[in-house]
Amino acid sequence: TFFIFPNVACFGMKSLDVALEMIKEEGLKVLPGTEFGEAGEGYLRLSVTAKWDKVKEGLERFKRFADKHSR
């Protein structure tokens, strides 16, 4: 399994809130970094194990969310 741990502090929300909004707005199943300890605040954990077309679609959704919420 491959994981990506992007910094999402630029959204101005706690990691849990970013994760919940991504699920709600884009249907992305992500985990807040805080699931892995306090040092994970400001990060998400993404699993990248699907076929390339699904990974690409997920990245496009992530970008769409980022474009709406970046400060």
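The values are calculated or read from the model by the stated rules, or taken from the named source; none is laboratory data. Model, not experiment: these values are computed from the prediction. Cβ atoms come from the backbone with ideal geometry, glycine included; neighbour counts cover every protein chain shown. The area values use the complete protein model at the heavy-atom level, side chains included, leaving out ligands, DNA and RNA. Shrake-Rupley method; radii C 1.70, N 1.55, O 1.52, S 1.80 Å.
The table below lists the values:
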quantity	calculated
Estimated distance in nm for a label pair at Trp52 and Lys14, the labels positioned 7 Å out from Cα along Cα-to-Cβ	4.0 nm
5 Å-binned pair-distance histogram of the chain (Cα, whole percent)	4, 18, 29, 28, 15, 6, 1
Accessible surface, the chain, averaged per residue in Å² (probe 1.4 Å)	70 Å²
In the range 1-60, the trypsin sites (Lys or Arg not before Pro) that fall in loop regions by DSSP, at most 12 other Cβ within 10 Å	Lys29, Lys51
Rounded percent of accessible protein surface that carbon and sulfur make up, the chain, 1.4 Å probe	56 percent
Total charge dipole magnitude, the chain, about the Cα centre, Cβ charges on Lys, Arg, Asp, Glu only, Debye to nearest 20	220 debye
Sum of -39500 (n - 2.57) over DSSP H runs of 4+, divided by residues of the chain (222 nm, nearest 500)	-14000 deg cm²/dmol
